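The structure appears below as structure tokens.
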Amino acid sequence: MSEEHSQAQAAATDGYHFLIHRLHSLTGLIPIGVFLMMHLFTNASVLAPGPAGMEYQKSVERIHALGPLLVPVEIVGIFLPLLFHSIIGFMIIYTGKSNTQHYRYGGNIRYSFQRWTGVIAFFFIMYHVWQLHWVGQPFRGGSFRLYNESGGPAAAVTTAEAIKAAWWVAPVYAVGILASVYHLSNGIWTSLITWGITIRPRSQQMAGYVCAGFGVILSLIGLGALRGFKTFEVGSGAVQTAESLQEATHH
Amino acid sequence: MATATHGHSKHPHEEHAHANGRKFTVRVLRQEMAHSGSHWETFELPHEEGMNITTVLQRIAANPVTTDHEQTTPVAYDACCLEEVCGACTMVINGRVRQGCSALVHKLLEESPTGIELRPMTKFHVVRDLVVDRSPMFQHLKRIKAWVRVDGYHDVGPGPRISPKEQEEAYPLSRCMTCGCCLEACPQFNDRSPFIGPAAISQAILFNPHPTGRVDRDDRLAVLAGQGGIVDCGNSQNCVKVCPKDIPLTDSIAKAGRDTTIYKIRKWFGR
């Protein structure tokens, strides 16, 4: 009897353990995973043909069309899920003890990589948000501007300036992007197991190919965008963009 | 397999020297008792044809002298079935967990020509030398009710029929011998994690669909959905790689993930 009672009691408190881990899995996919994809796609629009940075400017303006709603959307939709996913992620890392030196299986190496890339992505995102997002402004960061002082488009210029601020910024971004993309791609693969969608080794293998392909494509998009900003001509291109955009809006 | 394990105590080494007399070294991590410190001891033995680790430990016991010519005690070890069905002789051999009885010396020397290294499993408390206390595994089996309930010992007639398809699903899972390989290789099974490990999860998946075992289905799922249950798995999938019985442990883990989610949603709606 007492055993049943204690079991029922344990089950009651255990409920959150399950829920927290399932939410950790879910937040990684939605909204964080979806956000990462959208973010990298938006960035890649810097590579679009036409006046330099124009398409990127338009993409960012579309996001900022939310106006004052953008802040709560960012906090509830991105920052809080990211914070939750990170805290639980660090707790999960603490409960694991890597043993890849003795068991060099692909799955085991991916397991360790998932943890390492999670940590790298976490610190990279901290740096990235400080450097570009307005929340970094009180700490001498937050250099991204949608418009310059004269009201011209500045999204691509300010991003490119940040990427070119020092020789090591672009490599740091490359590592951060690759870590984030790996973490998402492998996370999709494990989440399919976690939620019991891929059960047999064969289906897990097929899902592995799909996730790997997804990761490669998303990496190319992310690195392509990075290269786009690294090679962005800050001088004449930006002025041209400003003029052409003003013309476009006036007509 | 191992020949002449009895009645040749006089000169066991010389007798088999002609079979494959090449000498090899065996390093053993010794520990006198549960809480004492550990140290390495090295022995040298001539190779015998078909020699396995159990034979090696028997030869050491017959002549417990280290390579430093020091007289020592025989190495304590567990062994029972000698045919890889009981799991008693599970230990870490050349850095990888496996059974001593089915680990053949000539194959181990191919892996590691410098010699063989034996140590107890690291995820369980050492009793002495290579003997560990695997009772946590049995506690896990009790927690997930890894059994089919019977009302008594009287004849209750034939049991419910199980289709050949269900039997095919169940049989591989029933081969588990609770040896501990999956737990030893699992990065999520350690003293910082409450994880019960793949073996117990797989047993829950074995008994849940069973016509009689089904009675305790929700109790098992409640444990799997709780602290140390399925969500503490990290999907490294080492378990299925090291399992000596080729049990589809990762299939069981994925099924447990699916079944616990459905169970929790069902509970949430009060059913």
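What's the FRET efficiency of B:Lys23 with B:Val127 using the Cβ-Cβ distance as r and R₀ = 25 Å, to the nearest 0.05? Provide the component values of the computation, followed by the final result.
On the way: r = 30 Å, r/R0 = 1.22.
Efficiency, rounded to the nearest 0.05: 0.25.
Using θ = phi - 60° and the Karplus relation 6.51 cos²θ - 1.76 cosθ + 1.60, list the HN-Hα couplings for the range A:120-135 in order, rounded to whole Hz, with x at every Gly or Pro.
Couplings: 4, 4, 4, 6, 5, 5, 4, 5, 4, 5, 4, 5, 10, 6, 4, 5 Hz.
Compute, for chain A, the length of the dipole vector about the Cα centre, with Cβ point charges of +1 (Lys, Arg) and -1 (Asp, Glu) only. Units Debye, rounded to 20. Provide the component values of the computation, followed by the final result.
On the way: 14 positive and 11 negative charges, 164 e Å.
Rounded to the nearest 20 debye, it is 780 debye.
Quick one: check the C-alpha center-to-center distance for the range B:21-89 versus the range A:105-164, whole angstrom.
57 Å
For B:Lys255, list the aspartates and glutamates whose Cα falls under 19 Å from its own Cα; do not include residues on the same chain fewer than 8 positions away.
Within the straight-line cut-off, B:Lys255 pairs with B:Glu166, B:Glu168, B:Glu169, B:Asp216, B:Asp218, B:Asp219, B:Asp232, B:Asp246.
Quick one: the Cα spread of the range B:134-268 along its three principal axes, in angstroms, biggest first?
The principal-axis extents, from largest down, are 46, 38, 29 Å.
If each of A:Tyr94 and A:Val216 carries a label point 7 Å out from its Cα toward its Cβ, how far apart are those two points in nm?
It works out to 3.9 nm between the two label points.
In angstroms, what radius of gyration and Dmax does the protein assembly as shown have, counting Cα atoms only?
Considering the protein assembly as shown through its Cα atoms, Rg and Dmax are 29.9, 106 Å.
Could you please state, rounded to a whole Å, how far the C-alpha centre of the range B:146-200 is from the C-alpha centre of the range B:214-271?
Between the Cα centres of the range B:146-200 and the range B:214-271 lies a distance of 12 Å.
Using a simple spin-label model with points 7 Å from Cα along the Cα→Cβ vector, what separation in nm is obtained for A:Ile20 and B:Ser174?
Label-label distance for A:Ile20 and B:Ser174, simple model: 3.9 nm.
Of A:Leu226, A:Leu19, A:Leu36, which is the most mobile in a GNM of chain A whose springs link Cα atoms less than 10 angstrom apart?
A:Leu19
Taking the Cα centre of the protein assembly as shown as origin and charging only Cβ (+1 Lys, Arg; -1 Asp, Glu), how large is the dipole, in debye to the nearest 20?
Its charge dipole is roughly 760 debye.
Using +1 at the Cβ of each Lys and Arg and -1 at the Cβ of each Asp and Glu in chain A, identify which of A:Leu69, A:Gly152, A:Met91 lies farthest towards the dipole's positive end.
A:Met91
Mind checking which of A:Trp167, A:Trp116, A:Trp130 has the largest fluctuation in a GNM of chain A, springs on alpha carbons under 10 Å?
A:Trp167
Under 5 Å between amide H atoms, partner at least 5 residues away or on a different chain: which partners does B:Ala76 have, H built in plane at 1.01 Å?
B:Leu130
Could you order peptides B:197-206, B:66-75, A:205-214 by the average number of other Cβ atoms within 10 Å of their residues, highest first? Intermediate values should be presented prior to the final figure.
Details: B:197-206: 26.8, B:66-75: 12.1, A:205-214: 14.2.
Averaged packing, sorted descending, gives the order B:197-206, A:205-214, B:66-75.
No lab work stands behind these numbers, since they all come straight from the coordinates. Source: prediction; values computed, not measured. Please note: Cβ atoms are built from the backbone with ideal geometry, for glycine as well, and neighbour counts cover all protein chains shown.
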